[in-house]
Amino acid sequence: YVFEARPWELKKTESVDVMDAVGSNIRVDTYGWEVKRILPKINEDINEEWISDKTRYACDGLKYQRLDTPYIKKENSFKKISWTEALQILKNKINLTNPEKIAGLTGDLTNMETLFACKEFFQKVLKSKDLESREKNIYINLNSRKNYLFNSEIKGLEKSDLILLIGANPRSEATMLNARIRKSFLKNNTEIFSLENLGDLTYPYKVLSNTTEEIKKIIENNSNISKKIKNAKYPLIIFGESALTLRSSKYIFEGFKKFLSENNKITEEWNSLNILHSNASTVGSYDLDIVCKTNDTLERINNNFFELIFLIGQDNFSFTKKNEFIVYIGSHGDKGAEIADLVLPGSAFTEQDGYFTNLEGKLQMAFKASYPPGEAKEDWVIINEISKLVVRDGLFKDKNELLNAMDNFINSNKKNEFSNLFKEEYINEKILTFPLDYYHSNVIARSSKTMNECRNVRTKLKKTGTEG
């Protein structure tokens, strides 16, 4: 923000980073409605006094490619319409569509209030069961929260004496967590293993065979790594989402969990089983059970089964569209808006109060620092207004009623296992970590001129073979 404002002219708002699932504590500085800079806020348990470069410099993406009015697609081009017209078009479409033909996908930056409003909207208004928060068919066992959290906690990395990465690249997927691993190595000379050569992680690690056969040997006590895990006092096993999309993902996850339990590595004092999620909204959506019970929503979307699809901030899922009517609710004119028939402008994370639960299960509030542009509205408000139009009574009178209902749901929710498509069977297959386009990982980063410049420089360095 050089030459644009003085530090004392900026309004300072404490918030939470959404560039990954770590939930780094940040301070958002605004001048008028525009975010000028993002700085770290000290939290010794999560990010200490640090933030990633993407967190710090992608904030210019909040002012580019923004949606500020509703649009309808006609003859392959978008036309501006009023909110009244947009909601009436949507109401007519909902009334003409069988509930079984309606589906919804929530996005990676969606706060928990919006997630819960969507859940209630689909259950009580649309009468649809096809609301999904996953972008891929990831194996997840929801019968206990410990099955999808980073149980050792981020600060727990500092006392670890052995770390095993399975289908995870912490440098790309969770930069602040990776910094803690490096700190652990420097402090404890921690032994670090990975089932794949991940390039430079900023610390040395030993590469194992990246196959499920290697996992099978470990959990059956036929590997040197088995002995190392059993002899370690504070071992960490980190599963990335890449490993949980395999056909044998249930076998390797449940098998490793059993192996750790039998060797007293999952106790009240220390839990070695950890999941590294990529998205800020993932743990919150699992806490709210926004996972399709039949586990086949994504497959049916790809097979063009549905007639009406809601994309609520979902810009990372791609499929070949045929005759579906797609409604996009989001902040940027990105991939989701491009394929939509009706676009409803929402708010970015800095423009609404919203809760996020980070990968270790900590619930944190991202406070409103600025305002959405033009006619854009807060995401949960849009869902509530659609509900009012369809069934007259809205889902919630105000935000407090929503928060109370969400709190009651979380406290009373009994976890159930959703893993119908995954069989607990061993299949010998490669474990390949998903390539992550670090500088283009979400809508804000893709809209950032700074991130685009970084990406272009990195591409040139790769071509010349001079990348560090």
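General observations
- Straight-distance candidates among the aspartates and glutamates for linking to Lys206, with alpha-carbon spacing under 18 Å and chain neighbours fewer than 8 residues away dropped: Asp161, Glu191, Glu196, Glu214.
- Lys74-Lys155 pseudo-label distance in nm [points 7 Å out on the Cα-to-Cβ vector]: 5.9
- Per residue, the chain exposes an accessible area of 44 Å² to a 1.4 Å probe, with every protein chain left in place.
- Residue-wise HN-Hα coupling along the stretch 19-34, computed from phi with Karplus coefficients 6.51, -1.76, 1.60 (Hz; x: Gly, Pro): 5, 8, 8, 5, x, 4, 7, 9, 10, 9, 9, 10, 10, x, 9, 8
- Scalar couplings 3J(HN,Hα) for the stretch 85-96, obtained by applying the Karplus form with A = 6.51, B = -1.76, C = 1.60 to θ = phi - 60°, are 5, 4, 5, 5, 4, 5, 4, 4, 5, 5, 5, 8 Hz; x denotes Gly and Pro.
- For the cross-link pairs Lys159/Lys362; Lys227/Lys362; Lys155/Lys228, the ones whose C-alpha atoms lie over 24 Å apart are Lys227/Lys362.
- Residue ranges 443-451, 163-171 sort as 163-171, 443-451 when ordered by packing (mean number of other C-beta atoms within 10 Å per residue, highest first).
- Contour excess over end-to-end distance, with Cα ends at Tyr371 and Glu453 and 0.36 nm allotted per residue: 26.8 nm
- Contour excess over end-to-end distance, with Cα ends at Ile427 and Leu461 and 0.36 nm allotted per residue: 8.4 nm
- Rounded tilt (10° steps) of 175-188 against the dominant C-alpha axis of the chain: 20
- Counting only DSSP H runs of at least 4 residues, each contributing -39500 (n - 2.57), and dividing by the residue count of the chain, the helix-based mean residue ellipticity at 222 nm comes to -8500 deg cm²/dmol.
- DSSP beta bridge pairing in the chain, given as percent antiparallel to the nearest 5: 45
- DSSP bridge pairs, the stretch 294-436: antiparallel proportion in percent, nearest 5: 30
- Residue-by-residue Karplus 3J(HN,Hα) for the stretch 215-222, coefficients 6.51, -1.76, 1.60, Hz, glycine and proline x: 5, 4, 5, 5, 6, 9, 6, 10
- Between Ser209 and Lys146, the FRET efficiency estimated from the beta carbon spacing at R0 = 30 angstrom works out to 0.60.
- Residues whose amide H comes within less than 5 Å of that of Phe310, counting only those at least five positions distant or on another chain, are Ala103, Gly104, Leu105, Val327 (H built at 1.01 Å from N in the peptide plane).
- Using R0 = 45 Å, the C-beta based FRET efficiency linking Thr294 and Phe3 works out to 0.20.
- Shown for the chain: the carbon plus sulfur share of the solvent-accessible area, taken with all protein chains present and a 1.4 angstrom probe, equals 47%.
- Where labels lie 7 Å past Cα in the beta-carbon direction, separation of Asn413 and Thr267 in nm: 3.1
- Structure note, pairs Lys146/Lys399; Lys63/Lys377; Lys73/Lys335; Lys430/Lys463; Lys36/Lys79: Cα-Cα distances above 23 angstrom occur for Lys146/Lys399; Lys430/Lys463; Lys36/Lys79.
- Note on Lys74: aspartates and glutamates with a C-alpha under 19 Å away, same-chain residues under 8 apart excluded, are Glu85, Glu307, Glu324, Asp334, Glu338, Asp341.
- Between helix 399-412 and the chain there is an angle of about 40 degrees, using the helix long axis and the longest principal axis of the Cα atoms.
The values are calculated or read from the model by the stated rules, or taken from the named source; none is laboratory data. Bear in mind the structure is a predicted one, so any value in this text is a computation, not a measurement. So basically every Cβ, Gly included, is an ideal-geometry build from the backbone, and we count neighbours across all protein chains shown. All accessible areas refer to the heavy atoms of the entire protein, side chains included, with ligands and DNA or RNA removed. Shrake-Rupley method; radii C 1.70, N 1.55, O 1.52, S 1.80 Å.
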